[in-house]
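Just below is one structure, and these are the notes that go with it.
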Amino acid sequence: MLAHLPTPLEPADRLGRAIGLAPGRLWVKRDDLTGLATGGNKARKLELLVADALARGSRVLVTAGGPQSNHARMTAAAAARAGLGCVLAFNADPPPAAEGNQLLDRLLGAVLRFVGPVPMEALNDIVARIGAELDAAGRPAYVVPVGGSSPLGASAYVTAADEIVADLGHDDVLVVTATGSGGTQAGLAARLGHRRVLGVDVGALADPAPVVRGLAADVAALVGLAAPAGEPRLLRDQVGDGYGAPTEGTRRAVRLAARTEGLILDPVYSGKALAGLMSLDPSVLDARAVVFLSTGGVPALFTSRYAGWLAADEDDPTGPPPF
Ligand SMILES: Cc1ncc(COP(=O)(O)O)c(C=O)c1O
């Protein structure tokens, strides 16, 4: 077992009030509490993917991501737990020092490869090539696609949707999630339908809509459900200057979650997802329950890029208290 499941579904009335939702309407699904090297949404996917790798006799997990990839960090942890090797490719140049997730990647014993600033879409070909090299060297490799978003990996979010429906006791829900490689949104939509899932695009893909639509249909087929009707719901105005780029809305969202619920979001994914939710008029939240999916990613907060940005316009912490 890699992931601690089911994760809690917690009421978030203080955060809800701050964004215009009546008591009892906003919930947080705590997928930051899945465990596995500080936790996050990828633990659910890796549970299924690592079982598949072991069944196939693989000896090494290979995957890729952005420089602060949580998926890479959690793959490294899953490999350690399963007694497998791990090779991680990053679409960046080598940094002067390992920070945040990369510090943990090294601690977990992964081999890191920096392939320069190529688009995220190019990484799946690169990991396939690394996998073939390892196979040829007698180290059978299991290639985990970027974000763990194969149909099998994404199907883990059917279970997450089941947990939400069971805890609420109904399915009149709108789940709000960050959408990077698209698997999380796709798995939720395969179970709940596209109308009940709102993905906030974080800018990892040039256009996540066809990816989410295709993956949701593949996941539904895999688990024996009908393909969800309609189109994925995506909010695409929170990206800012690109994937990982800090924005003012994200800073406000990360602070609000921390100060109303003691909930720590991350600057690349869940912070942007909450910024997206905060940007909406509450009247468009057309469901009895709004569930914000907290997906983890906290290690990135402790890098110089984001720690500095988060504190930049902070009140003087040694000054008089604001209450
Ligand atoms: C913290 C966090 N939240 C959300 C996501 C988005 O999930 P997906 O790639 O399935 O769209 C990721 C993906 O890397 C993530 O690391």
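The values are calculated or read from the model by the stated rules, or taken from the named source; none is laboratory data. Keep in mind that what you see is a predicted model, and the values were worked out from it rather than measured. As a convention, Cβ positions derive from the backbone with ideal geometry for all residues, glycine included, and neighbour counts pool all protein chains shown. SASA here: full protein model, heavy atoms, side chains in, ligands and nucleic acids out. Shrake-Rupley method; radii C 1.70, N 1.55, O 1.52, S 1.80 Å.
Starting from the Cα of D93, move 7 Å in the Cα-to-Cβ direction to define the label point; list residues of segment 115-156 whose amide nitrogen is under 11 Å from there.
Of the residues in segment 115-156, 116-117 have backbone N under 11 Å from the label point off D93.
Extent of the chain along each principal axis, from alpha carbon coordinates, in Å, largest to smallest?
So the extents along the principal axes, rounded to whole Å, are 61, 53, 33.
Along the charge dipole of the chain, which of S58, V212, A43 sits closest to the positive end, that is, farthest toward it, with unit charges on the beta carbon of Lys, Arg, Asp and Glu (+1, +1, -1, -1)?
Result: S58, furthest along the dipole toward the positive end.
Under 5 Å between amide hydrogens, which residues at least 5 positions from V111 or on another chain qualify, with H placed 1.01 Å from N in the peptide plane?
Sorted by chain and number, the residues that satisfy this are C86, V87, L88.
Could you work out the helix-only [θ] at 222 nm for the chain, with each DSSP H run of four or more residues adding -39,500 (n - 2.57) and the total divided by the number of residues, to the nearest 500 deg cm²/dmol?
-12000 deg cm²/dmol
To the nearest 10 Å², what's D218's accessible area with a 1.4 Å probe?
In the full protein context, D218 sits at about 80 Å².
Hey, what do the phi angles of segment 4-21 turn into as Karplus ³J(HN,Hα) couplings, whole Hz, using 6.51/-1.76/1.60 and θ = phi - 60°, x for Gly and Pro?
Each residue's phi maps through the Karplus curve to give 8, 10, x, 7, x, 10, 10, x, 9, 5, 5, 5, x, 4, 5, 10, x, 10 Hz.
Can you run the Rg to Rh ratio on segment 42-148? Use alpha carbon positions and the Kirkwood inverse-distance Rh.
0.93
If contacts are Cα pairs under 8 angstrom and at least 6 residues apart, what is the relative contact order of segment 42-148 in percent?
Value for segment 42-148: 36 percent.
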